[in-house]
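Peer 1: Let me give you the structure first, and then I'll get to my questions.
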Amino acid sequence: MIKAQSLSRKYGDTFAVRDLSFTINKGEVMGLLGPNGAGKSTTMKMLVCYLPPSSGEAWIGGVPLCDSIAVRRQIGYLPENAPSWNDLSVIDHLRFTGRMQGLDGGTLRDRIRTMAGLCHVDGVLHRRIDELSKGYRQRVGLAASMLHDPELLILDEPTTGLDPNQIVEIRQLIRRLAEAKTVLLSSHILSEVEAVCDRMMIIDRSELKAIGTAEELAALASGGNRLHAVARDIDPDALRTRIGEALPEVTLTIDERDDGSLALELTAGDPDAPLAATLFRSVAEGGGVLLEMRPEQVTLESVFHRLTGEVAQ
Amino acid sequence: MRQVLVLCGKELRVAFDTAQGAVVAVAFLLACGFFFGNNLFLMGQAEMRGFFAVMPLLLMFFIPAMAMRLFADELHSGTFELLATMPVSSMQLVLGKYLALLLQLLILFSLTLLYPWSLSLLGDPDGGRIAAGYLALLLLSSGYAAVCLYASSLTRHAMVAYIIGFALLFAAYLLSQAAMTMPPAVQDWLRMVLPLPGYRAMLRGVIGLENGAYFLCMTLFFLALTGFQLERRRWQ
């Protein structure tokens, strides 16, 4: 549905997005993840033909970005903060958007009814938009962006500034929509992307750092195998020797605790190294007791921090 | 074309539906009434020459006020991004907004038709000159509207757009006032470039094709400039 090739955009002399290449398949929900100012919005603005790329090219449904009117017809776009015409009522806003998209008469009425129902704004159709809460405005924006039944939905931070209940509602809504559409949504909140998206891209400092499913990214970031353990009644040097003999390439750190137990951390470059089994045998053979053993869980959060070079708090 | 009309309809709706639009319209009509009544009651003349003579000054204040929010507000609130990602060209957006502004002015001017009608009850005004006056007024405001629409595309703040629009019109007004003191060659040149000499000639009843062509060119020039400015924003 989307194919981007070396997409770059400069503001003055600085790159906002540099050399971005990716493909998004039809029917997929793709998350665009990155810290604030990483270039997420700029990427989206290029894909919706709001900003022309400085270099590179992209195709939406096979149509190149330079054929901007044809590209825009295929896209439903919700900009950041869901701007809307505050002087209009919800129904007028939807009517205006629909007509600008080329809908009319019965089709327009039907689409407005369907989308208003789907986004739960049918109760506020005759209220002015500036009287609505942020959650409602976001939903009005979503309804408006889908009136012309586009193949592709591009949503820029659709849940920013919403309270937890509203976030859950919008997420459910996006999931419902995603059954029939291709969706690209941006966020700097990891759990959100994890909850909604099939695949994700991580962008940092204008560049694409990684792309894949949550599992693929986690594997990418762990880069091997790590095990935390606690043992008792065993000589640290003897343990070090035993493990060194069984698995020579493993790094072992031992930390003696006040209560006499040892906190162990085993790291191996090979993800398939049998760390747990080796440790268990070595401790048992040395006459010690193993109190705890825990393989390190690679969360998306640690992937994100690793790739964007930020320190986890 | 359909989208141009849809946008125009939305703008007209906002213009007459909001307090700001209503205040500008009422203030404009009050000011018109004042200058018309001045001539009629203080000077006892059943004619509209004074009314048409003062209109360029009035328009200088009111057209920037009507046009200021057209693009500046959209840019400020982010809705321009919605407009610019709809399947319409920048020029269609400019035309839609411009048409709305022109229609708004046309509606206000048509309300002042009450004045010539009341004159015709009181005396025997020169119908031809009044018609020429209205034509001149329409042409002048079409040019002014294009200038102020351009001013609105230059900034994200409606108040700044007002000041730019007013400054541009005021500069043109001052230049045409000062033209008389300048050397003949400069005078001729200014007469060609500035809008007011053409307007005044039309008020005197001199209506030529060149007047229409001048205001049409002025309008198209500033509309093109507005379209260009909107496109330029995407590249900045």
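Peer 1: For A:ASP87, indicate whether it is over 24 Å from the mean Cα position of the chain (by Cα), over 15 Å from B:LEU83 (Cβ atoms) and either within 11 Å of chain B (Cβ to nearest Cβ) or not hydroxyl-bearing (Ser, Thr, Tyr) (or both).
Peer 2: When the stated conditions are applied, A:ASP87 does not pass them.
Peer 1: Can you name the residue in segment A:96-109 that is more than 9 Å from every other protein chain (Cβ to nearest Cβ) and over 30 Å from the mean Cα position of the chain (by Cα) and is also farthest from B:ALA84 (Cα to Cα) among such residues?
Peer 2: A:GLY106
Peer 1: Return yes or no: is A:LEU108 surrounded by fewer than 23 Cβ atoms within 10 Å (Cβ to Cβ), over 16 Å from B:VAL6 (Cα atoms) and in contact with a helix residue (DSSP H, G or I) (Cβ under 7 Å, 6 or more places away or on another chain)?
Peer 2: No, not satisfied.
Peer 1: Is it true that A:THR114 is within 12 Å of another protein chain (Cβ to nearest Cβ) and in a helix (DSSP H, G or I)?
Peer 2: When the stated conditions are applied, A:THR114 does not pass them.
Peer 1: Kindly indicate whether any position in segment A:66-76 is in contact with a helix residue (DSSP H, G or I) (Cβ under 8 Å, 6 or more places away or on another chain), small (Gly, Ala, Ser) and more than 9 Å from chain B (Cβ to nearest Cβ).
Peer 2: The answer is yes, given that some residue of segment A:66-76 is in contact with a helix residue (DSSP H, G or I) (Cβ under 8 Å, 6 or more places away or on another chain), small (Gly, Ala, Ser) and more than 9 Å from chain B (Cβ to nearest Cβ).
Peer 1: Any idea how many residues of segment A:91-104 are farther than 19 Å from A:ASP149 by Cβ and surrounded by 23 or more Cβ atoms within 10 Å (Cβ to Cβ)?
Peer 2: 0
Peer 1: So, in segment B:70-115, exactly how many residues are free of Cβ contacts under 8 Å to residues at least 40 places away in the same chain, in a helix (DSSP H, G or I), within 14 Å of chain A (Cβ to nearest Cβ) and not hydrophobic (A, V, I, L, M, F, W, C)?
Peer 2: Total satisfying the criteria: 4.
Peer 1: Just one of B:VAL14, B:VAL26 is of a type outside the set (Asp, Glu) and at pLDDT 90 or above; which is it?
Peer 2: Values: B:VAL14 fails: at pLDDT 90 or above.
Going through B:VAL14, B:VAL26 in turn, just one is of a type outside the set (Asp, Glu) and at pLDDT 90 or above: B:VAL26.
Condition check ((1) assigned to a strand (DSSP E or B); (2) farther than 21 Å from A:LEU190 by Cα) across all residues:
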| position | (1), (2) |
| --- | --- |
| A:ASP19 | yes, yes |
| A:PHE22 | yes, no |
| A:ALA38 | no, no |
| A:SER41 | no, no |
| A:MET44 | no, no |
| A:PRO52 | no, yes |
| A:ASN81 | no, no |
| A:LEU94 | no, yes |
| A:GLY98 | no, yes |
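Peer 1: Can you pull out the residues in segment B:5-51 that are among the β-branched types (Val, Ile, Thr) and either more than 10 Å from every other protein chain (Cβ to nearest Cβ) or within 19 Å of the chain's Cα centre (by Cα) (or both)?
Peer 2: B:VAL14, B:VAL23, B:VAL24, B:VAL26
Peer 1: Can you find, within segment A:136-161, the residue that is modelled with the lowest pLDDT among those that are surrounded by fewer than 18 Cβ atoms within 10 Å (Cβ to Cβ) and not β-branched (Val, Ile, Thr)?
Peer 2: In the first step, residues of segment A:136-161 are kept if they are surrounded by fewer than 18 Cβ atoms within 10 Å (Cβ to Cβ); the result is A:149, A:151, A:160-161.
So of that shortlist, the ones also not β-branched (Val, Ile, Thr) come out as A:149, A:151, A:161.
Numbers: A:ASP149: 89, A:GLU151: 90, A:GLY161: 73.
By that ranking, first place goes to A:GLY161.
Peer 1: Within segment A:252-302, track down each residue that is under 17 Å from A:ALA231 (Cα atoms), modelled with pLDDT under 85 and β-branched (Val, Ile, Thr).
Peer 2: A:THR267
Peer 1: Continuing with this model, one more query. Residue check: is A:ILE129 buried (at least 16 other Cβ atoms within 10 Å of the Cβ), of a type in the set (A, V, I, L, M, F, W, C) and away from chain B (no Cβ under 11 Å)?
Peer 2: no
Peer 1: Can you name every residue in segment A:148-174 that is in contact with a strand residue (DSSP E or B) (Cβ under 8 Å, 6 or more places away or on another chain) and either aliphatic (A, V, I, L, M) or under 17 Å from A:GLY27 (Cα atoms) (or both)?
Peer 2: A:PRO150, A:GLU151, A:LEU152, A:LEU153, A:ILE154, A:LEU155, A:ILE174
The values are calculated or read from the model by the stated rules, or taken from the named source; none is laboratory data. Since we're looking at a predicted model, the values are computed, not measured. No Cβ is skipped: glycine too gets one built from the backbone with ideal geometry, and neighbour counts run over all protein chains shown.
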